[in-house]
Amino acid sequence: MVKPRKAATGAYRRSWLSGAPPPRWVRVLPVLLLVGVGVASFTDSVPVDIGFLLGAVPPLAVLAYGPLATAFLGAATIGLLTIPFFHLDRPGNTDLFTLGFVATLCVFVSFVRGRRDQQLDLERTVAETAQRAIVPDVRRRVGSVRCASLYRAAERGTLVGGDFFDVRPGPHGVRAVLGDVQGHGLSAVATVASVLGAFREAVLDDVDAESIAARLDRRLVVDSARTEHAELFATAVLLDFAPHGREVRVLACGHPPPVLLRGGAVSTVELDPGPPLGLGLADVTPGTAATVSLLPGDRLLLASDGVLEARDASGAFYPFVERLARMTGVGLDRLPDEIWADLSRFTPEIQDDVTLLILSLDPSGPG
């Protein structure tokens with residue numbers, strides 16, 4: 001079963017001013033104004049010179065309604081002003097012509113807005129489909145490994161930035177990767193696609209984490225050579241779960257090591273890291289993979305720079321390990337959201353892609 005990708009929250013939620021459907025109060029406002037003025041015209045305590053408020057009805061209708069509804073509300077506005085029963089202002093011909101012109105113009109604007117929104121929705125759907133194909137949702141279980149993840153791109157309106165992660169089964173066991181390419185936002189998407197494509201091929205062919213790292217390094221070197229002054233590079237952590245047993249080999253390539261949650265204790269995995277990928281050094285000065293023996297219930301947590309280098313208003317770094325010590329009792333599936341909520345409270349503004357990948361070995365399950 002694939003865990004559905006959750007909608008972004010907080011600063012990442014798309015507002016109605018950014019293309020989301022308008023809230024209910026925006027749709028109710030022109031109708032409420034129209035009805036309110038009509039009812040008020042029968043009240044002796046309210047002066048009768050409030051008809052000018054009806055001039056706001058057609059422009060307000062444009063924000064939430066299509067051409068037909070906007071035309072109906074515009075006609076209702078003119079009718080309300082001209083029907084003697086409501087005794088509103090007794091407008092002159094110039095006023096009525098002006099209001100009629102504004103209402104007609106609002107109908108045209110509503111038509112243009114509707115066509116534009118349809119085109120934007122189509123483009124957004126295509127973009128989201130392409131982005132999800134690059135970084136798909138991680139399954140809750142891959143072989144004998146239970147997984148939980150969270151991804152928040154720093155660039156608003158996008159699902160993919162400069163971070164990447166994946167968990168894949170292969171003939172040599174389950175492999176996982178989490179990393180960060182040079183830059184973030186849409187400019188880094190092509191590099192992310194290239195790195196993840198190389199990783200998915202390496203899972204099927206290469207026998208260990210060092211070989212996978214060398215393949216990713218070569219991929220970036222080749223891509224960088226195609227573009228003048230590109231200098232593409234990436235940091236990454238590779239995990240190689242043994243097909244049988246409770247061991248995982250961990251290799252860091254210029255990226256901070258994973259954090260191990262064991263019972264109520266939190267510790268950083270000790271590694272001899274290698275250079276970042278893309279420098280052409282993976283075969284020359286490779287890092288040394290560390291073998292970690294996992295106990296039942298142990299969880300390995302991988303995080304991107306957006307978490308580890310987040311700062312509060314005073315400039316202090318987010319104390320990741322210390323904060324995790326307070327969350328050791330949180331379940332695997334809920335832990336990414338708990339960390340995200342805590343990070344959002346700590347830092348006033350998220351300025352980098354935030355990625356979390358939590359893995360736990362469970363050989364008793366299916367797979």
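Of the residues that sit in the stretch 90-119 and are modelled with pLDDT under 80 and in a helix (DSSP H, G or I), which one is nearest to PHE52 (Cα to Cα)? That would be ASP95. Tell me whether the stretch 318-332 contains one or more residues that are in contact with a Ser or Thr (Cβ under 7 Å, 6 or more places away or on another chain), part of a loop (DSSP other than H, G, I, E, B) and modelled with pLDDT under 90. For the stretch 318-332, residues in contact with a Ser or Thr (Cβ under 7 Å, 6 or more places away or on another chain), part of a loop (DSSP other than H, G, I, E, B) and modelled with pLDDT under 90: absent.
Here's the yes/no breakdown for (1) among the small types (Gly, Ala, Ser); (2) at pLDDT 80 or above; (3) within 29 Å of the chain's Cα centre (by Cα):
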| position | (1), (2), (3) |
| --- | --- |
| GLY185 | yes, no, yes |
| GLY197 | yes, yes, yes |
| ASP206 | no, yes, no |
| ARG218 | no, yes, no |
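Among the conditions (1) modelled with pLDDT under 75; (2) part of a loop (DSSP other than H, G, I, E, B), the only one that ALA64 does not satisfy is (1). Considering the stretch 277-291, the residues that are free of Cβ contacts under 8 Å to residues at least 60 places away in the same chain and out of contact with any Lys or Arg (no Cβ under 8 Å at 6 or more places or on another chain) include one that is nearest to VAL330 (Cα to Cα), namely THR288. Can you tell me which residue in the stretch 129-148 is modelled with the highest pLDDT, limited to those that are among the charged types (D, E, K, R) and part of a loop (DSSP other than H, G, I, E, B)? Top of the filtered list is ARG140.
Does the stretch 255-264 contain any residue that is within 18 Å of GLY179 (Cβ to Cβ) and basic (Lys, Arg)? No, the conditions are met nowhere in the stretch 255-264.
Against the conditions (1) surrounded by 14 or more Cβ atoms within 10 Å (Cβ to Cβ); (2) free of Cβ contacts under 8 Å to residues at least 60 places away in the same chain; (3) farther than 19 Å from ASP337 by Cα; (4) not β-branched (Val, Ile, Thr), LEU294 satisfies every one except (2).
One residue alone among LEU216, LEU302, LEU238, LEU277 is crowded, with 21+ Cβ neighbours inside 10 Å, under 22 Å from THR191 (Cβ atoms) and touching a Cys at 6+ places or on another chain (Cβ under 6 Å), and that residue is LEU277. Residue count for the stretch 307-324 under the criterion of being buried (at least 16 other Cβ atoms within 10 Å of the Cβ) and among the hydroxyl-bearing types (Ser, Thr, Tyr): the result is 1.
Kindly indicate whether any position in the stretch 221-229 is modelled with pLDDT under 90, aliphatic (A, V, I, L, M), in contact with a helix residue (DSSP H, G or I) (Cβ under 7 Å, 6 or more places away or on another chain) and in the same structural domain as GLU270 (by TED's automatic domain parsing). No, every residue in the stretch 221-229 fails to be modelled with pLDDT under 90, aliphatic (A, V, I, L, M), in contact with a helix residue (DSSP H, G or I) (Cβ under 7 Å, 6 or more places away or on another chain) and in the same structural domain as GLU270 (by TED's automatic domain parsing). The strands (runs of 3 or more DSSP E) found entirely in the stretch 244-310 that carry 3 or more residues being over 28 Å from PRO171 (Cα atoms) and in contact with a Leu (Cβ under 8 Å, 6 or more places away or on another chain) are 265-268.
The values are calculated or read from the model by the stated rules, or taken from the named source; none is laboratory data. Treat the numbers as computed from the prediction; the structure is a model and nothing was measured. Cβ coordinates were reconstructed from backbone atoms using ideal geometry, including for glycine residues, and neighbour counts include every protein chain displayed.
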